[in-house]
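The values are calculated or read from the model by the stated rules, or taken from the named source; none is laboratory data. Quick caveat: nothing in here was measured; it's all calculated off a predicted structure. Positions of Cβ are generated from backbone atoms using ideal geometry, with glycine treated the same way; all protein chains shown enter the neighbour counts. We work out accessible area using only protein heavy atoms, side chains counted, and drop any ligands, DNA or RNA first. Shrake-Rupley method; radii C 1.70, N 1.55, O 1.52, S 1.80 Å.
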There are 2 protein chains.
Amino acid sequence: MSLPILDLNNVLAPALAEGGLDPARLEVGGDLQRRFADAHEVFERRRAAGDLGFLDLPFDRETAGRVAEVAESFGQWFEDVVVLGIGGSGLGAVALREALLVPAWNERSDEVREYHPRLHVVDNPDPRTVHALFERIDPRRALFVVISKSGSTAETMALYLVARARVAAVVEAEQVRGHFLFVTDPERGALRTLAEAEGIPTLPVPANVGGRFSVLSSVGLLPAAVCGIDIDELLAGAAAMVEACRGTDLRANPAAALATVLWAADTELDLPIHVLMAYADRLRAFTLWFQQLWAESLGKVRGDGHVGPTPLPAVGATDQHAQVQLFMEGPRDKIVVFLAVDGSGVEVEVPDLHPDVETMAYLGGAGLGTLLDAERRATTEALRLRSRPSITLEVGSADARSFGALIMLFEIATVYAGGLYGVDPLDQPGVELGKRLTYALMGRHGYEAPDVPEVDERWRIGGTSG
Amino acid sequence: MSLPILDLNNVLAPALAEGGLDPARLEVGGDLQRRFADAHEVFERRRAAGDLGFLDLPFDRETAGRVAEVAESFGQWFEDVVVLGIGGSGLGAVALREALLVPAWNERSDEVREYHPRLHVVDNPDPRTVHALFERIDPRRALFVVISKSGSTAETMALYLVARARVAAVVEAEQVRGHFLFVTDPERGALRTLAEAEGIPTLPVPANVGGRFSVLSSVGLLPAAVCGIDIDELLAGAAAMVEACRGTDLRANPAAALATVLWAADTELDLPIHVLMAYADRLRAFTLWFQQLWAESLGKVRGDGHVGPTPLPAVGATDQHAQVQLFMEGPRDKIVVFLAVDGSGVEVEVPDLHPDVETMAYLGGAGLGTLLDAERRATTEALRLRSRPSITLEVGSADARSFGALIMLFEIATVYAGGLYGVDPLDQPGVELGKRLTYALMGRHGYEAPDVPEVDERWRIGGTSG
């Protein structure tokens, strides 16, 4: 099979007039190669300690089999599957739906969906969104997949309570549990306890797989499988990428090359903003998945300082008319990773209807995919001519197999990057304070209301019309 | 009426233990107030020169009347309205649809939509997206709104050609023109010429209104009106904001306060990343509209340097589980503008189903909107406790009137910010090179193919499985 190709040419000194990396530094024996070797050692140590559960997911046939079984038993009964999960519990399912199902899945007929259910992901306790969801689904024909490893995520618990009451209002008491599936820690937490007490079916998130690394666990696989995505192919691609990312030679390990170049871009070339720009609508959601992975893993306190790049999602060609002006002429603080997709599966011909109109004639006879690819190459080249570095990741056809490989590439690169930055890529201590303050404001037992300073009304500006 | 309120407390020294702005600097006579006065002068000069056409749009009753008329005459005939437009020609329509129509508009029944058409915005020449669109709409019942001021935007022209052939394949030749509406320059360009030759209906974009400032022109008003949005209310809110943003007193001019504080955050406090974090799903698309406005207006060459902040869209509470770890613990390079919405129109109660489960009990009896608002306040406070500055913009109910005011607030602030940064906020010279290279790659007459350097295959990494 063919795996993604990482093209580094446009980040290297030969291609960039100024500010490029010297290729010798990436070769065997080069200083970046040696620097990576340290990060690789950290990675191998954590793998040996059993911390990197996400690496095992592609090889876990038992879970995949159980997911397929559950998906099949549920899929045929329900018109709507509603994932209740936030952060890593929701982003992966959306990325899979957008990349691998026909576009606008939830707007399509039963025939087009081949009688698979619609897939909604509610990742915000926004009353307007939730109200509108229940206006258009029938709880009697809906399955709610509640995803929270800890069983304590406030937003998800609130959404679960709402959904449960809606189901209970329209089905017999003993049928309520059949409308819920909990994806949670195999042993602990409130959802686990509840499931056992009430006989609600569950799927596990392994203890050593954190939320943002969980898309290839039941968290992402169940929603995917229930909509007919071939999870075996997804896992096969991921497995191949695990095999491909080994050793310390940057030229033989794409995740290593990706992590090292992005780290060096931030810490040496002063390019702390890492743009992921996908030239395909289907990968728009993937860029948001990446944003969480990269931001939450690497944005950390280190010693008495603060480190971490800022990931910035973008889509081509659309963002050429939104963000590219800034990328071209704004401060030199960005490196762009382009995602190039081989879209040969679908092409739409541009007809030659106005051969006499200069702004249209050259488009006639081409395909939209050809145009989109030309836009990507032109943008890459325009940035290069201004000595603005980029990496191109050639994804292939973006089918389940290559998408699985893409996911794993970024997951491994993230842990490598953690080693390079000298931070723990698996924790997220910075969100605890906000959680505690939320509990306090909501009156949860044992949390004291914060002592917020008085608002000075003089600095509340506006509010009345002229 | 009530306009948005800009709360600056959490960017000022009293609230922040370190790195806050001294409030005296913002007072009358303070240095930031004086600095803004210069930008205000630039603004007034450009307004007098007739460059700031967007300021006149809320008062242009004639265009609004014509839009309403066209919308009414078309709306009843079509099931689907398809906007073909990229950048400023597409983002505004999406922002309006998401903010002001019922959620998931295109998935709703005719009854819920009150027999208004579905609204699709195709802002990318992605063949997969376009193919899927034509799988689910009937061109005989579809109106294509082609938006390009210049009539030369490659992506939009290509999409127009595709749409035209699809329509021509299923209706009589003389009916084709009735399925198109061109929104373009009132005098020039290929679409104008074509419209006149063929009798295709048009709506104008005033010559002094650029793409990213065009949402309150026909560009955004027509798609809005055709779906039943009250464009008079939208314009009334915008008009009130124009009136409210006058003079050089930062405490009496919310756009001035917003622009000056964000500019100072970037250039003085070293916070070049400007996060716009909306606590409402309905404003998610608005944050992308803002991103284009801020990035393309301010990311510019100045002298022999480069300036401009990087806008970063976010949504709460969702991004608390994705980006907030980085905002809390990563480098101190961000200021967050929170959008707080008064969601009292819709509330969803969280039922008290599990009073014995500690992670759920405290949520019972609250509303989702209450929870969402608590999350916003908690995140604001958590950032403050770490001396990370934020601004809160209280939007009100986010109805058409307050949304119009919000749009105008940011548009005026953007031109003020251009004055503060010392750049022209109305141009986008940095995207010309990419356009020319695209033309060349597509073989457009008069554009020479670029001399792209050879790719060194040694730096194309990966590609085969292990």
key: Dipole axis of chain A (+1 Lys, Arg; -1 Asp, Glu on Cβ), positive-most option in A:4, A:150, A:36   = A:150
inquiry  = If you fit an axis through the alpha-carbon atoms of helix B:400-421 and take the longest principal axis of the Cα set of chain B, what angle between them do you get, 0 to 90°, nearest 10?
reply    = 80
key: Cα extents of the range B:54-229 along the three principal axes, largest first (Å)   = 39, 35, 29
task = Stick to the Cα atoms of the range A:337-443, pair each with every other, and give me the Kirkwood hydrodynamic radius in Å at one decimal.
result = 18.4
message = Along each principal axis of its Cα atoms, how long is the range B:151-298 end to end? Whole angstroms, biggest number first, please.
response = 61, 33, 31
note = For peptide B:286-296, the mean count of other chain Cβ atoms within 10 Å per residue Cβ is 4
message = What's the magnitude of the charge dipole for the protein assembly as shown around its Cα centre, counting Lys and Arg as +1 and Asp and Glu as -1 at the beta-carbon? Answer in Debye, nearest 20.
response = 580
query = Going from the alpha-carbon gyration tensor of the range A:402-466, what semi-axes, largest first and in whole Å, does one get by taking the root of 5 times each eigenvalue?
reply = 40, 21, 14
query = What is the dipole size for the range B:54-229, taken about its Cα centre, with +1 at each Lys and Arg Cβ and -1 at each Asp and Glu Cβ, in debye to the nearest 20?
reply = 280
key: Charge dipole (debye, nearest 20) of chain B; +1 at Cβ of Lys and Arg, -1 at Cβ of Asp and Glu   = 820
inquiry  = Relative contact order of the range B:54-229, please, whole-number percent, based on alpha carbon pairs below 8 angstrom and at least 6 residues apart.
reply    = 34
query = Going by a 1.4 Å probe on protein heavy atoms, which residues of the range A:128-150 end up with at least 10 Å² less accessible surface in the whole assembly than in their chain alone?
reply = A:128, A:129, A:130, A:131, A:132, A:135, A:136
request  = Compute the long axis of helix B:432-441 from its Cα atoms, compare it with the longest principal axis of the Cα atoms of chain B, and write down the angle in degrees, 0 to 90, nearest 10.
outcome  = 40
task = Quick one: angle between helix B:154-168 and the longest Cα principal axis of chain B, in degrees between 0 and 90, rounded to 10, please.
result = 50
key: Alpha-carbon Debye profile of the protein assembly as shown, log10 I(q)/I(0) at 0.07, 0.09 Å⁻¹   = -0.54, -0.94
message = As an exercise, find the ratio Rg/Rh for the range B:1-129 from alpha-carbon atoms, using the Kirkwood inverse-distance average for Rh.
response = 1.13
note = Note, the range A:424-431: 3J(HN,Hα) by Karplus (6.51, -1.76, 1.60, θ = phi - 60°), whole Hz, Gly/Pro = x, goes 7, x, 9, 10, 8, x, x, 9
message = Given bins 5 angstrom wide, list per bin the percent of all Cα-Cα distances in the range A:271-314, short to long.
response = 6, 23, 26, 20, 12, 7, 4, 2, 0
task = Would you work out which of A:229, A:120, A:64 lies farthest towards the positive end of the dipole of the range A:54-229, given +1 charges on the beta-carbon of Lys and Arg and -1 on that of Asp and Glu, about the Cα centre?
result = A:120
key: Solvent accessible area, Å² - residue A:38, 1.4 Å probe, full protein context   = 90
ask   = Going highest first, how would you order A:95-101, A:431-437 by mean Cβ packing within 10 Å?
value = A:95-101, A:431-437
key: Reachable lysines from residue B:149, criterion Cα separation under 21 angstrom, eight or more residues apart if same chain   = B:435
ask   = Is there a simple number for the mean count of other chain Cβ atoms within 10 Å of the Cβ of residues in A:438-446, and what is it?
value = 6
message = Over the range A:119-162, what portion of Cα pair distances is larger than 17 Å, expressed as a whole percent?
response = 29
message = Can you list residues from other chains, or at least 5 along the same chain, whose modelled amide H is less than 5 Å from the amide H of residue A:276?
response = A:312, A:314, A:337
ask   = Which percent of the accessible heavy-atom area of the range A:54-229 goes to carbon and sulfur, probe 1.4 angstrom?
value = 47
inquiry  = Given a 1.4 Å probe and heavy atoms of the protein chains only, how would you sort B:301, B:219, largest accessible area at the top?
reply    = B:301, B:219
note = For residue A:424 the rounded accessible area (nearest 10 Å², probe 1.4 Å, non-protein molecules ignored) is 50
request  = Consider a paramagnetic label point 7 Å from the Cα of residue A:59 along Cα→Cβ; state which residues of the range A:245-272 have an amide N under 14 Å from it.
outcome  = A:245-246
message = Can you report the principal axis dimensions of chain B using only the alpha carbons, biggest first, rounded to whole angstrom?
response = 69, 66, 63
key: Summed residue charge, Cβ within 13 Å of residue A:67's Cβ, Lys/Arg positive, Asp/Glu negative   = -4
ask   = At a probe radius of 1.4 Å, what is the per-residue accessible area of residue B:120, in Å² to the nearest 10?
value = 10
remark   = Taking B:94, A:315 and ranking on accessible area (1.4 Å, protein atoms only), highest first, one gets B:94, A:315
ask   = Whose amide H sits under 5 Å from the amide H of residue B:184, counting only residues 5 or more places off or on another chain, with H placed in the peptide plane?
value = B:203, B:205
request  = Could you work out the per residue convex hull volume over the alpha carbons of the range B:243-388, in cubic angstrom?
outcome  = 151
ask   = With a 1.4 Å probe, how much accessible area is buried between chains B and A, both sides summed, in Å² to the nearest hundred?
value = 13300
Relative contact order for chain A, counting Cα pairs under 8 Å that sit 6 or more residues apart, in percent = 21
query = Which whole number gives the average count of other chain Cβ atoms within 10 Å of the Cβ atoms across peptide B:304-310?
reply = 5
